[in-house]
């Protein structure tokens, strides 16, 4: 049973995450209906205002708060209750992050920060929007420091050479987050805030975008790594199996740290001012991330087959049939895992220099984004919620809520099939992203996009209905479900698995190599940007 104080901290983060999910989902529904030409917004609400709210609240706030709440619960489960100093640091981080979230949301709703989730210059928001972002980032750093402090104290007191796998992964995830957010913190504090206040007249757009994408791509892996934690550590316990290899799991997380950060240029392949040679280098580093992804796939399906064989499954794919498909704790993450197959393939296309020319800034990219974070990650987070919320509140997952969770998962997958599938297809036909509904003066090409945009609206409506069902289930599990003891599933390592090398726990080595790769990938091109800086741009507001 989790310590009550630890449960309160985790629940605080999860509560804010689901509030952000609900508000962001409303913005997403309206956005999809406008883009599909189904409704027209009143003059007091702008399409791009909704687009900003949807992106910020779902891609940044929902994910970050949920991840931190999940990690605190898992660390408490695997290392014992949080020590006083880490817990206090966690609460301070929560207060800062929540204040920043509220401040940013207010200025988005006031239409003073309609700069989209990527907040590209020269679009300019209110200075308070950027101040809010700083609070969210710095608050998350306090949470990272508290988790590292918990890890350090635990290691010192237990004198153990090997930390619990979940806690190791949590420390690695927050290390990736901290290193990545240094870039976005630098551009917000040193560029956007002085520029938006009026202390400087112009901003260097290339440097601001480069610092953003230094953060923007590893952000994807900050979303994915907690999902991988569920797959590696939780799912084996749920299916009655064991973790295939502790060493392989830790090595995969090390490789994600090394190869997910120095790759931002693959988001800037069409950006002038960056040498093709440096773009090529970062594309190569991008493809290196495929290695730990394939390691994860191998490990998971080896775990599935081993568990199935132990249950008596016969034939090549007999093990597939004996998996617990009627258990939402497995079903939701597994659907997300399967969706990651086409999502990962789309990512290879996005990062390929030649293929990127075809789909750059089209709805294909938006469709890919919704397969990764809004499907693979979201479904895994939903599956976690169905057992984590009752675990934290001292309640149980009832058979009825389990069935409703399976229905919610199917609804989500169906809605995403319509929406993301249509986005991919119409993106190949040239439909741009980040635009409201328009026929471009009745252009025949744009007219042909309309059926796909209607399909997007249908998918968005199904997804919103799935969100409503999710909120009902979570509310019931938090306040109405029968009292009881819910398990936080933590798998054991397979007997006979190779011993985990102590080197994998040597943080100085891996953080040092990561720093070397970042310096190698960014120092010279960044120096060139400063040396050959353009005149800069003043701020623009089109709302």
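Here is a yes/no grid of residues against (1) within 30 Å of residue 518 (Cα to Cα); (2) surrounded by 19 or more Cβ atoms within 10 Å (Cβ to Cβ); (3) more than 23 Å from the chain's Cα centre (by Cα):
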position	(1), (2), (3)
269	yes, yes, no
272	yes, no, yes
277	yes, no, yes
291	yes, no, no
299	yes, yes, no
312	no, no, yes
318	no, no, yes
322	no, no, yes
337	yes, yes, no
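Looking at 237, 242, which one is closer than 19 Å to residue 381 by Cα, in contact with a strand residue (DSSP E or B) (Cβ under 9 Å, 6 or more places away or on another chain) and surrounded by fewer than 22 Cβ atoms within 10 Å (Cβ to Cβ)? Step through it out loud before you land on a result.
Details: 242 fails: closer than 19 Å to residue 381 by Cα.
One residue alone meets the criteria, 237.
Could you pull out the residue among 336, 346, 273 that is more than 26 Å from residue 387 (Cα to Cα) and not in a loop (DSSP other than H, G, I, E, B)? Break it down into steps so the answer makes sense when it comes.
Values: 336 fails: more than 26 Å from residue 387 (Cα to Cα); 273 fails: not in a loop (DSSP other than H, G, I, E, B).
Only one candidate passes the filter, namely 346.
Kindly establish whether residue 142 is closer than 27 Å to residue 370 by Cα, modelled with pLDDT of 95 or more and not in a loop (DSSP other than H, G, I, E, B). Walk me through how you get there before you give the answer.
Details: closer than 27 Å to residue 370 by Cα: no; modelled with pLDDT of 95 or more: yes; not in a loop (DSSP other than H, G, I, E, B): yes.
No; evaluated as a whole, the condition is false for this residue.
Report, by residue number, each residue of the range 93-113 that is closer than 15 Å to residue 53 by Cα and buried (at least 24 other Cβ atoms within 10 Å of the Cβ). Reasoning before the result, please.
So the first thing to find is which residues in the range 93-113 are closer than 15 Å to residue 53 by Cα, and the list is 100-113.
The answer is 101, 104, 108, 113.
Within the range 481-496, is there a residue that is part of a helix (DSSP H, G or I), surrounded by fewer than 13 Cβ atoms within 10 Å (Cβ to Cβ) and either out of contact with any strand residue (DSSP E or B) (no Cβ under 8 Å at 6 or more places or on another chain) or in contact (Cβ under 8 Å) with a residue 40 or more places away in the chain (or both)?
Step one: list which residues in the range 481-496 are part of a helix (DSSP H, G or I), which gives none.
Within the range 481-496, not a single residue is part of a helix (DSSP H, G or I), surrounded by fewer than 13 Cβ atoms within 10 Å (Cβ to Cβ) and either out of contact with any strand residue (DSSP E or B) (no Cβ under 8 Å at 6 or more places or on another chain) or in contact (Cβ under 8 Å) with a residue 40 or more places away in the chain (or both).
Yes or no: residue 372 within 25 Å of residue 426 (Cα to Cα), in contact (Cβ under 8 Å) with a residue 24 or more places away in the chain, in contact with a helix residue (DSSP H, G or I) (Cβ under 8 Å, 6 or more places away or on another chain) and in a helix (DSSP H, G or I)? Before you say what the answer is, go through the steps one by one.
Numbers: within 25 Å of residue 426 (Cα to Cα): yes; in contact (Cβ under 8 Å) with a residue 24 or more places away in the chain: yes; in contact with a helix residue (DSSP H, G or I) (Cβ under 8 Å, 6 or more places away or on another chain): yes; in a helix (DSSP H, G or I): yes.
Criteria met by residue 372.
Go through the range 189-227 and give me each residue that's in contact (Cβ under 8 Å) with a residue 60 or more places away in the chain, out of contact with any helix residue (DSSP H, G or I) (no Cβ under 6 Å at 6 or more places or on another chain), farther than 18 Å from residue 264 by Cβ and in a helix (DSSP H, G or I).
195
Restricting to the range 25-53, count the residues that are under 19 Å from residue 541 (Cα atoms) and either touching a strand residue (DSSP E or B) at 6+ places or on another chain (Cβ under 8 Å) or without any contact (Cβ under 8 Å) to a residue 40 or more places away in the chain (or both). I'd like the intermediate steps shown before the answer.
Filtering the range 25-53 down to residues under 19 Å from residue 541 (Cα atoms) leaves 43-53.
Then keep just the ones that are either touching a strand residue (DSSP E or B) at 6+ places or on another chain (Cβ under 8 Å) or without any contact (Cβ under 8 Å) to a residue 40 or more places away in the chain (or both); that gives 43-45, 50.
Residues in the range 25-53 being under 19 Å from residue 541 (Cα atoms) and either touching a strand residue (DSSP E or B) at 6+ places or on another chain (Cβ under 8 Å) or without any contact (Cβ under 8 Å) to a residue 40 or more places away in the chain (or both): 4 in total.
The values are calculated or read from the model by the stated rules, or taken from the named source; none is laboratory data. The shown structure was predicted, so the numbers you read here are calculated from the model rather than taken from an experiment. Methodologically, a virtual Cβ is constructed for each residue, glycine included, from the backbone with ideal geometry; neighbour enumeration extends over all protein chains shown.
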